[in-house]
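Since the structure comes first, as structure tokens, the remarks are kept for the end.
The values are calculated or read from the model by the stated rules, or taken from the named source; none is laboratory data. Just so you know, these numbers come straight off a predicted model, no measurement behind them. We place every Cβ from the backbone using ideal geometry, glycine too, and count neighbours over all the protein chains shown.
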């Protein structure tokens, strides 16, 4: 058998191109259905797990799927916001704990999620390194976000401007990283968490600047009308919240109108859940309440259906490729007939010739399957993230 | 010793029929069978080597009656005791020169491929003046060089009989002389009996004896 392998290896080495094509074909035939199944199964199970762990979501009326994708997986597509008053509305019912979510901005590719500390308890997120955020301008980052942004406690993360050409848009805010969360194998790993007030500062609702009430700033005042001061553009607006500047940060307007993109409602029990859902059934209701698991089931059903079609197509393609490969092998054996006759004349048995050819086919099959397993393993590791990118 | 007695052979489909009443070739003798194309010269070599089996009669090669051996016995006998040289060399293009010489040891487990065998293969290559081309693929060798490689392959198992089927048929005159001389010389050095079939009368002077094939060829039609 050692000699058969040796001869097979020599043949394949001499016909590298042909061998590589055959191995690649086998690898693709095996990998495509296997990898697709792995990625889809893993992704759908992750999607379903996240949805199952989230009882209710409240948002402005619109697409329930977009509300779920934005609130559960921090999808980039923004949804129309609610107001903080809507959070209070849920709290006032006494049926559920409302956890506000603000998902509109990013730090490079990582979503910045404004929320309250209850979110961390609800999702059982634990700080692995550093501490929990405590003051304005602080953030904690998920394990993957920490890797992607290359930050840890003591470093800083800057929010990305929404539109560099829009002077009235959100300015970048530099935030201190005070903790890194333990890996949870969920979308939380990718997020940068800040409190709601910091999210509003990023949005431009709150800001900090030089204290214009100080006498030395008199030269930069354009107009004073009682408490209303109009300052010149020379007054510095802070883009970082430090301990020294924190006191200068303030918000304009009624806090009840400040935006939240969704409210995660954690009902006290099944009855409370039903009662809370009932509150959003009115004809004139501006908001919607959804059960994420029901919404995601629809998406998963669609994905699985698409997978079935793709798998069927791949299987047909695989069968035709296998037939082609059989033809290639058959033609190859025919072309090598003289070689086999020579070996027979010298003293080689049919069994030995079969084992020589069997080794070649076996090595091609084994190499193809090995590559397919490698690709499937890679798909297992990175595929769901890619598919999430596509879906979300 | 090679001995053929009352041999009759015919292919299952076709009119060809070979009949040889009695031929004896002594050990170490160099014999050329001469005859036109299609007269059954190659078939005779196949019968002597045990590739084909006669319908009747006996074939004894190197003292062994190959006509009564089983398939497996004939294969083992052939690879161990018969060195075959073909007209079109029949080298494997995906093997380099050294691996081509070692081929009999890789395709039949009755021969053990040991470091000594590899050394012997290298020594054979050196003897035919090709020691510097051992790692070269055979399709990068000239026709004459390829036939020298084929001769080395045939000689490596130290056969008692060297059989050459039109060994110079595909060579130019210069290479023809050189290869023929080498074949005779290597057979002499190895103490092997040399049996060659050829239709070229100008090479017969190098052999101890010539047997005209026309006397055995009984009937019409082309031989395979």
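When the residues of the range A:1-50 are narrowed to those that are surrounded by fewer than 16 Cβ atoms within 10 Å (Cβ to Cβ), in a helix (DSSP H, G or I) and within 14 Å of another protein chain (Cβ to nearest Cβ), which ends up farthest from the chain's Cα centre (by Cα)?
Here the residue is A:2.
Which of the residues belonging to the range A:333-354 are within 8 Å of chain B (Cβ to nearest Cβ) and over 19 Å from residue B:74 (Cα atoms)?
A:338, A:339
If residue B:74 passes every condition in (1) modelled with pLDDT of 90 or more; (2) away from chain A (no Cβ under 14 Å); (3) surrounded by fewer than 23 Cβ atoms within 10 Å (Cβ to Cβ) but one, which one does it miss?
(2)
What about residue B:183, is it in contact with a helix residue (DSSP H, G or I) (Cβ under 9 Å, 6 or more places away or on another chain) and assigned to a helix (DSSP H, G or I)?
yes
For the range B:78-112, name all the residues that are outside any loop (DSSP other than H, G, I, E, B), within 8 Å of chain A (Cβ to nearest Cβ) and without any contact (Cβ under 8 Å) to a residue 40 or more places away in the chain.
Within the range B:78-112, B:78, B:99, B:106, B:107 meet the criteria.
For residue A:66, are the conditions met, namely being touching a residue at least 12 places away in the same chain (Cβ under 8 Å), within 21 Å of the chain's Cα centre (by Cα) and either assigned to a helix (DSSP H, G or I) or in the same structural domain as residue A:364 (by TED's automatic domain parsing) (or both)?
It is true that residue A:66 is touching a residue at least 12 places away in the same chain (Cβ under 8 Å), within 21 Å of the chain's Cα centre (by Cα) and either assigned to a helix (DSSP H, G or I) or in the same structural domain as residue A:364 (by TED's automatic domain parsing) (or both).
Is there a residue in the range A:243-263 that is outside the structural domain of residue A:134 (by TED's automatic domain parsing) and at pLDDT below 65?
no
Which condition from (1) more than 13 Å from the chain's Cα centre (by Cα); (2) modelled with pLDDT of 90 or more; (3) not in a helix (DSSP H, G or I) is the one that residue B:169 breaks?
(2) is the only condition that residue B:169 fails.
Could you figure out which of (1) under 26 Å from residue A:336 (Cβ atoms); (2) without any contact (Cβ under 8 Å) to a residue 24 or more places away in the chain isn't true of residue B:66?
Among (1) under 26 Å from residue A:336 (Cβ atoms); (2) without any contact (Cβ under 8 Å) to a residue 24 or more places away in the chain, residue B:66 violates only (1).
Yes or no: the range A:94-110 includes at least one residue that is at pLDDT 90 or above and assigned to a helix (DSSP H, G or I).
no
Which of (1) within 14 Å of chain A (Cβ to nearest Cβ); (2) under 17 Å from the mean Cα position of the chain (by Cα) does residue B:117 not meet, given it meets every other one?
(2)
Residue-wise test of (1) over 30 Å from residue A:123 (Cα atoms); (2) out of contact with any strand residue (DSSP E or B) (no Cβ under 7 Å at 6 or more places or on another chain).
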| site | (1), (2) |
| --- | --- |
| A:5 | yes, yes |
| A:11 | yes, yes |
| A:21 | yes, yes |
| A:34 | yes, yes |
| A:42 | no, yes |
| A:47 | no, yes |
| A:50 | no, yes |
| A:80 | no, no |
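Is the range B:20-42 home to any residue that is at pLDDT below 90 and within 14 Å of chain A (Cβ to nearest Cβ)?
Checked against the condition, which is being at pLDDT below 90 and within 14 Å of chain A (Cβ to nearest Cβ), the range B:20-42 yields at least one hit.
Residues to consider are A:64, A:98, A:78, A:111; find the one that is away from chain B (no Cβ under 14 Å) and either surrounded by fewer than 18 Cβ atoms within 10 Å (Cβ to Cβ) or out of contact with any helix residue (DSSP H, G or I) (no Cβ under 9 Å at 6 or more places or on another chain) (or both).
Within the list A:64, A:98, A:78, A:111, the selection yields A:78.
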